[in-house]
Amino acid sequence: MAARELVVLGTASQAPTRTRNHNGYLLRWDGRGFLFDPGEGTQRQMLLAGVPSSAVHRILVSHFHGDHCLGLPGVVQRMSLDGVAHPVTAHYPASGQQWFDRLRHASVFADRAEIREEPVHDDGVLAEDPAGTIEARRLEHPVPSVGYRLVEPDGRRMVPDRLAAAGVAGPDVGRLQREGVLRVGETTVRLEDVSEPRRGQVFAFVMDTRMCLNVAALAEGADLLVIESTFLAEDEALARRYGHLTARQAARVAADAGVRRLVLSHFSQRYPDPRAFEEEARAEFDGDLVVAEDLQRVAVPARAPAGESAADG
């Protein structure tokens, strides 16, 4: 199991198919779990993927169309059944509070899980998590919809050769990281002497929306971008009318934003062959591309080398 990976629980838009469940995406990030858009059947998909309810620390709903939220009751009730000990924070558009309330208490059950509600009111920083800063931005869809972005703080990477030359080893390495300076014999060693800058990683999640400025803002410099591509370019007029993107548009966004790994999802049932999405996207994006499949695991790319931006690598 990768320390940072996306577990794809479902990839269908509007209606599930024989091979595609409604939406659902779990981002695993160094022991933290972020569940995005739990559509109908998410609880079962988690079981098939080997993901326990205790793996979820935050639930992030983009909007309240059923294919993005009807799995919420089952997931929350499963958390109570399993006795999840930690609190779980739920994010969703504030204007949809009535829908969240109905989903949260959709049926009779022993309500033991601690669900903390933190709805999205405005663009900007939404929360600080041990994994990094969570941001939200409003998108353009027939109902209020938001996209999410997880930004890890920049840090420093220890360089073994420099540590050895400075005589720093064992527990002293951790002490130097915590305190920033260490006395070794008659020499003072500073953290910057034995390390180099390490760019924080970025994850972005963009679901139901037509093209707008915030799509690009969410995607900018992402190491991993999950983005809807409901339609193909031949149906761009339908995409615009119903507030969606085409595979070509999604790929163009990724190319312009310097995305390192692009994951396309949320496919209309009108297209039986997923290869069409890849072929269309390849006309715009020549980087690392994944056409998502149910129960697939997609690793967050390894860090870009020091001094190299996401757009470079």
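The values are calculated or read from the model by the stated rules, or taken from the named source; none is laboratory data. Since the model is a prediction, treat every value here as computed from it, not as a measurement. Positions of Cβ are generated from backbone atoms using ideal geometry, with glycine treated the same way; all protein chains shown enter the neighbour counts. Quick note on the areas: whole protein, heavy atoms, side chains included, nothing else; ligands and nucleic acids left out. Shrake-Rupley method; radii C 1.70, N 1.55, O 1.52, S 1.80 Å.
Could you give every pair whose Cβ atoms fall below 7 Å, whose first residue belongs to the range 50-78 and is over 16 Å from residue 7 (Cα atoms), and whose second residue is open to solvent by 20 Å² or more (accessible area, probe 1.4 Å) and among the hydroxyl-bearing types (Ser, Thr, Tyr), counting only separations of at least 6 or pairs across chains?
73/107
Report, by residue number, each residue of the range 248-283 that is more than 17 Å from residue 16 (Cβ to Cβ) and part of a strand (DSSP E or B).
261, 262, 263, 264
Please find, within the range 293-307, the residue that is modelled with the lowest pLDDT out of those that are closer than 20 Å to residue 150 by Cα and open to solvent by less than 60 Å² (accessible area, probe 1.4 Å).
304
Could you check the range 3-56 and list, in sequence order, the residues that are open to solvent by less than 40 Å² (accessible area, probe 1.4 Å), among the small types (Gly, Ala, Ser) and either out of contact with any Cys (no Cβ under 9 Å at 6 or more places or on another chain) or at pLDDT below 95 (or both)?
Once the filter is applied, which keeps residues that are open to solvent by less than 40 Å² (accessible area, probe 1.4 Å), among the small types (Gly, Ala, Ser) and either out of contact with any Cys (no Cβ under 9 Å at 6 or more places or on another chain) or at pLDDT below 95 (or both), the range 3-56 yields 10, 12, 13, 15, 24, 33, 41, 49, 53, 55.
I want to confirm something. Restricting to the range 149-161 and keeping residues that are closer than 30 Å to residue 63 by Cα and not in a strand (DSSP E or B), which single residue is most open to solvent (accessible area, probe 1.4 Å)?
Per the stated criteria, the residue is 153.
Which one of 164, 204, 216 is among the hydrophobic types (A, V, I, L, M, F, W, C), free of Cβ contacts under 8 Å to residues at least 60 places away in the same chain and in a strand (DSSP E or B)?
On the way: 164 fails: in a strand (DSSP E or B); 216 fails: in a strand (DSSP E or B).
After ruling out the rest, the residue left standing is 204.
So in the range 116-148, with the set limited to residues that are of a type in the set (Val, Ile, Thr) and open to solvent by less than 90 Å² (accessible area, probe 1.4 Å), which one is farthest from residue 87 (Cα to Cα)?
143
So, of the residues in the range 228-280 that are of a type in the set (Ser, Thr, Tyr) and either at positive phi or open to solvent by less than 10 Å² (accessible area, probe 1.4 Å) (or both), which turns out to be farthest from the chain's Cα centre (by Cα)?
The qualifying residue farthest from the chain's Cα centre (by Cα) is 246.
Those residues that are out of contact with any helix residue (DSSP H, G or I) (no Cβ under 6 Å at 6 or more places or on another chain), within 20 Å of residue 209 (Cα to Cα) and either part of a loop (DSSP other than H, G, I, E, B) or of a type outside the set (S, T, N, Q) (or both), I need them from the range 87-99; list them, please.
91, 93, 94, 96, 99 - these are the residues of the range 87-99 that are out of contact with any helix residue (DSSP H, G or I) (no Cβ under 6 Å at 6 or more places or on another chain), within 20 Å of residue 209 (Cα to Cα) and either part of a loop (DSSP other than H, G, I, E, B) or of a type outside the set (S, T, N, Q) (or both).
Being over 21 Å from residue 53 (Cα atoms), small (Gly, Ala, Ser) and assigned to a strand (DSSP E or B) is the requirement here; does residue 169 meet it?
So residue 169 does not fit the description; no.
Which ones in the range 284-298 are out of contact with any helix residue (DSSP H, G or I) (no Cβ under 7 Å at 6 or more places or on another chain), part of a loop (DSSP other than H, G, I, E, B) and of a type in the set (A, V, I, L, M)?
292
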